[in-house]
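What follows is a set of notes on a single structure, which appears directly below.
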Amino acid sequence: MKNLIRKAVIPVAGLGTRGLPFTKEIPKEMLPIIDIPTIQFIVEEVIAAGIEQVIFVTSRGKNALQDYFDLSPALDGFLRKKGKNELADKLQKIGTLCEVLSVRQKEPLGLGHAVLCAQPIVGDEKFVVCLGDEIFPPWDQLNRARPPVKQLVETSQELNTSTVGVMEVPINETKSYGILRISEDKITDAPVKVLGTVEKPEPEKAPSRYAIIGRYVFDPIIFDYLARTPKGAGGEIQLTDAMTQLCDKEGLHAVNLKGCRYDIGNPFFYVKAQIDEALRRPELARPLREYLKTL
Ligand code: G1P
């Protein structure tokens with residue numbers, strides 16, 4: 001297994017039904033936290049882990065995502081002519097963050113299938129997978145000190161294994177996540193060997209309370225397992241089913257992530273992210289605090 005990790009796959013083909021009506025015409029990954037699209041937080045997180053190439057697994061209507069990370073010479077010229085060099089520099093930086101490639105997922109056959117669509121670009125290298133609706137912004141101290149993807153990449157390199165990021169969730173939430181089977185009761189700071197993964201179990205069937213939260217590092221052998229994985233929960237090809245085969249053979253380790261996570265598809269967490277980001281910005285923090293006091 002090659003130990004260099006330089007590619008990240010970000011599946012963004014989903015229809016975004018949780019975000020309708022907004023997502024009818026605009027990709028949910030473009031939902032902004034004030035003025036920063038959520039996808040930018042994810043791309044910056046993978047870059048902080050040394051990733052050089054981002055691969056979007058897209059579908060019809062998702063072109064805005066690739067355009068966002070491209071240069072825009074016309075806009076650049078316009079802004080500079082108006083003396084808005086600082087803003088032009090900011091856009092230039094976004095346009096040169098990393099190499100962005102894309103591949104189409106032509107049918108909505110599930111997350112496992114989406115990851116498999118990236119195989120021709122990833123090839124025979126270990127790679128990162130990040131799900132587009134979860135963000136770990138660097139304004140949280142723990143996320144800044146130990147960015148989730150960086151932790152997973154480093155652990156994967158140290159142990160020469162695939163890795164997955166997890167968080168402990170209340171027992172009534174297991175049915176929203178892939179859940180780990182492990183032999184320990186608690187995951188502390190050390191990575192833990194995963195025995196298996198179950199997609200969205202009901203609480204009484206959940207093998208633990210450790211939920212997969214959308215950050216992974218995979219050995220490319222996962223593509224072989226995905227290609228042989230039949231449709232599972234919800235009639236979709238599930239990434240968690242292929243991960244269970246990894247656990248049985250090459251091995252998978254879980255890292256307990258502790259920073260602040262926002263599930264942008266959940267309206268409460270989306271609003272909370274807006275407020276938390278606003279409170280960080282001096283020009284917004286004071287009027288926002290004053291406004292909140294009046295409620
Ligand atoms: C997906 C995965 C699940 C994981 C979750 C994290 O589910 O299938 O294993 O725990 O993302 O958000 P989804 O939320 O796309 O239904």
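The values are calculated or read from the model by the stated rules, or taken from the named source; none is laboratory data. What you are looking at is a predicted structure, and each value in this text was computed from that prediction instead of being measured. As a convention, Cβ positions derive from the backbone with ideal geometry for all residues, glycine included, and neighbour counts pool all protein chains shown. Protein only, heavy atoms only, side chains kept; ligands, DNA and RNA dropped before computing areas. Shrake-Rupley method; radii C 1.70, N 1.55, O 1.52, S 1.80 Å.
Restricting attention to segment 132-172 and to residues that are of a type outside the set (S, T, N, Q), open to solvent by 20 Å² or more (accessible area, probe 1.4 Å) and in contact with a strand residue (DSSP E or B) (Cβ under 7 Å, 6 or more places away or on another chain), the residue that is nearest to the ligand (Cβ to nearest atom) turns out to be ASP133. A single entry from GLU277, GLU283 fulfils the requirement of being more than 16 Å from the ligand (Cβ to nearest atom), acidic (Asp, Glu) and in contact with a Leu (Cβ under 9 Å, 6 or more places away or on another chain): GLU277. Step by step: first the residues of segment 174-226, then only those that are within 22 Å of CYS130 (Cα to Cα) and acidic (Asp, Glu), then the one that is nearest to the ligand (Cβ to nearest atom). Which residue is that? By that ranking, first place goes to GLU199. If you go through segment 251-267 and pick out every residue that is over 20 Å from GLU184 (Cα atoms) and of a type outside the set (A, V, I, L, M), you end up with 8. Taken over segment 117-131, the criterion of being surrounded by fewer than 24 Cβ atoms within 10 Å (Cβ to Cβ) and either under 23 Å from MET167 (Cβ atoms) or within 15 Å of the ligand (Cβ to nearest atom) (or both) is satisfied by LEU131 alone. Filtering segment 61-100 to residues that are in contact (Cβ under 8 Å) with a residue 40 or more places away in the chain and open to solvent by 40 Å² or more (accessible area, probe 1.4 Å) leaves LEU97, GLU99. For segment 35-57, the set of residues classified as over 14 Å from the mean Cα position of the chain (by Cα) and open to solvent by less than 60 Å² (accessible area, probe 1.4 Å) consists of ILE36, GLY50, GLN53, listed by residue number.
The sole residue among VAL217, VAL255 that is touching a Pro at 6+ places or on another chain (Cβ under 7 Å) and among the aliphatic types (A, V, I, L, M) is VAL255. Name the residues in segment 7-24 that are open to solvent by 70 Å² or more (accessible area, probe 1.4 Å) and either touching a Gly at 6+ places or on another chain (Cβ under 7 Å) or β-branched (Val, Ile, Thr) (or both), would you? If the condition is that a residue be open to solvent by 70 Å² or more (accessible area, probe 1.4 Å) and either touching a Gly at 6+ places or on another chain (Cβ under 7 Å) or β-branched (Val, Ile, Thr) (or both), then THR17, ARG18 are the ones that fit. Figure legend. Inter-residue proximity from segment 173-193: first residues assigned to a helix (DSSP H, G or I), second residues open to solvent by less than 50 Å² (accessible area, probe 1.4 Å), beta-carbon distance below 6 Å, spacing 6+ or different chains. Indicated pairs: THR174/PRO201; THR174/PRO203; THR174/ALA206.
Restricting attention to segment 262-282, the residues that are under 20 Å from the mean Cα position of the chain (by Cα) and either closer than 15 Å to ASP140 by Cα or open to solvent by less than 40 Å² (accessible area, probe 1.4 Å) (or both) total 10. So, VAL43, is that one more than 16 Å from the ligand (Cβ to nearest atom) and part of a strand (DSSP E or B) or not? So VAL43 does not fit the description; no.
Just checking, how many residues over segment 1-40 are of a type outside the set (Val, Ile, Thr) and part of a helix (DSSP H, G or I)? Within segment 1-40, residues that are of a type outside the set (Val, Ile, Thr) and part of a helix (DSSP H, G or I) number 8.
Taken over segment 207-226, the criterion of being closer than 21 Å to GLU173 by Cα and open to solvent by less than 30 Å² (accessible area, probe 1.4 Å) is satisfied by SER208, TYR210, ALA211, ILE212, ILE213, GLY214, ARG215, TYR216.
Residue count for segment 227-244 satisfying the condition of being within 15 Å of the ligand (Cβ to nearest atom) and open to solvent by 20 Å² or more (accessible area, probe 1.4 Å): 9. Checked against the criterion of being modelled with pLDDT under 95 and within 19 Å of GLY232 (Cβ to Cβ), the candidates VAL164, VAL198, VAL194 yield just one match: VAL198. Within segment 1-33, being more than 23 Å from LEU101 (Cβ to Cβ) and in contact with a Lys or Arg (Cβ under 8 Å, 6 or more places away or on another chain) holds for ARG18, GLY19, PHE22. Among the residues here, LYS272 does not qualify as part of a loop (DSSP other than H, G, I, E, B), charged (D, E, K, R) and more than 10 Å from the ligand (Cβ to nearest atom).
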